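The structure under discussion appears below in the form of C-alpha cells.
The values are calculated or read from the model by the stated rules, or taken from the named source; none is laboratory data. Since this is a predicted model, take the numbers as computed values, not measurements. Methodologically, a virtual Cβ is constructed for each residue, glycine included, from the backbone with ideal geometry; neighbour enumeration extends over all protein chains shown.
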Amino acid sequence: MPTWDAEQYLRFNDERTRPCRELAARIAIAVPDRVIDLGCGPGNSTSVLAERWSKTELTGLDSSPEMIAAARQTHTHLTWLVGDIAAWANKNHQTYDIVFSNAALQWVDDHATLFPKLLTHVVAGGALAIQMPANYDAPAHRIMRELAASEDWRDYFPADGIREWHVHDLATYCDILAPVAAKVDFWQTEYLHIMEDAAAIVEWYKGTGLRPFLDALANDQQRSGFTAQYLEGIRRAYPVRRDGRVIFPFRRLFLIAYQQPLSLT
C-alpha cells in the first residue's frame, strides 16, 4: 500500500468531499444508530456523516496511522481505528446500520468477495454505501503508467509493475451485489473540476494516484524528476482555457446496496 499524507490529501478537500456528500444524501435511512466509515482518511468523509446524522454513533477506520492521527486531532469525540478493510471484513463480527466507504475500496483487492462480505456487516434494512473513482483510463492515469514504463524510468520501478487501484464497471457490481441485496442503487457522475493550472492536477494526484509510483522511487531527486516529467505530460493532455485555468474531468462510481429488512412473519 502507498503511504498517505493527510495535509496533501486535504489540499483539495472541497472537491474530494463533494461526492461523499452526494452519496450520504442519497442513502434512504433517516436515523441510523451506528455507522462505520471504511477508509475514512483524515476524517473529512466522517465529518459529512456526522453532519447528516448528528446523533449517530460513528466509527472511522483507515489503514494509515497518519490519516487516523489527523482525524483524531480534529474529531476527538468520534471513534477511530487503525486497520485494514479486508481484514476487518473477514475477522470483525460487528454490524452497523450503514457501512460507508468514500474513495477507498479501489485500493482493496477482490471486490467480488469483499463487497458481499461487507454487506453481511449491515443490519436488516441497513445499507452498504460506496463511492470510488471510475477514471482508470483517464489521461492523468495513462501518463503516469506510460512514464513509469518508459526507457527513462522503467529501471527504477519493480519489474512486475506498480500495484495500482482498480475498479470494475457498474454492470459487474450489479452482478456482485444484486443477488445478495434487497435493493441496489448504482450511478456514475463525471465532475468537471476547474483547476488553477496543470500543476494543480499534479498536486491532486500526489495525494492519491501518484503515491504508489513516488513511493517506489529511491530518493527525493528521482521523485522530483519523475514529477517534473509527469507535469509535462499533464500540460499536453489538459489544455489551458481562455481564463488561464484547466478543466479536470473526474468520473466517479456510486453504489448503495440495501440489506434485506426483517421479516414480519
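Those residues that are under 23 Å from GLY126 (Cβ atoms) and touching a helix residue (DSSP H, G or I) at 6+ places or on another chain (Cβ under 7 Å), I need them from segment 26-43; list them, please. Result: VAL35, ASP37, LEU38, GLY39, CYS40, GLY41, GLY43.
Selection of first residues in segment 118-135 that are more than 15 Å from CYS174 (Cβ to Cβ) and in contact (Cβ under 8 Å) with a residue 12 or more places away in the chain and of second residues that are surrounded by fewer than 19 Cβ atoms within 10 Å (Cβ to Cβ) and among the charged types (D, E, K, R), restricted to Cβ pairs under 7 Å at least 6 apart or on distinct chains, gives the following pairs, ordered by first then second residue: ASN135/ARG251. All told, PRO179 falls short of being within 29 Å of ILE98 (Cα to Cα), modelled with pLDDT under 95 and of a type outside the set (D, E, K, R).
With surrounded by 18 or more Cβ atoms within 10 Å (Cβ to Cβ) and small (Gly, Ala, Ser) as the only criterion, which of GLY244, GLY225, GLY209 stands out?
GLY209
Of the residues in segment 27-43, none is in a helix (DSSP H, G or I), at pLDDT below 95 and out of contact with any His (no Cβ under 9 Å at 6 or more places or on another chain). Going through (1) farther than 14 Å from LEU192 by Cα; (2) buried (at least 16 other Cβ atoms within 10 Å of the Cβ) one by one, ALA237 falls short only on (2). For ALA87, the criteria (1) at pLDDT 95 or above; (2) out of contact with any strand residue (DSSP E or B) (no Cβ under 7 Å at 6 or more places or on another chain); (3) buried (at least 17 other Cβ atoms within 10 Å of the Cβ); (4) hydrophobic (A, V, I, L, M, F, W, C) hold in every case but one, which is (3).
Does LEU78 satisfy being touching a strand residue (DSSP E or B) at 6+ places or on another chain (Cβ under 7 Å) and not polar (S, T, N, Q)? In short, yes.
Does ILE143 count as under 29 Å from ASP220 (Cβ atoms), crowded, with 17+ Cβ neighbours inside 10 Å, modelled with pLDDT of 95 or more and touching an Asp or Glu at 6+ places or on another chain (Cβ under 6 Å)? Considered against the rule, which asks whether it is under 29 Å from ASP220 (Cβ atoms), crowded, with 17+ Cβ neighbours inside 10 Å, modelled with pLDDT of 95 or more and touching an Asp or Glu at 6+ places or on another chain (Cβ under 6 Å), ILE143 comes out as no. Condition (residue is in a loop (DSSP other than H, G, I, E, B), under 30 Å from GLY225 (Cα atoms), more than 18 Å from the chain's Cα centre (by Cα) and polar (S, T, N, Q)) applied to segment 109-121: is it met by at least one residue? No, every residue in segment 109-121 fails to be in a loop (DSSP other than H, G, I, E, B), under 30 Å from GLY225 (Cα atoms), more than 18 Å from the chain's Cα centre (by Cα) and polar (S, T, N, Q).
Any idea which residue in segment 146-168 is farthest from SER224 (Cα to Cα), counting only those that are at pLDDT below 95 and within 21 Å of the chain's Cα centre (by Cα)? My answer is HIS166.
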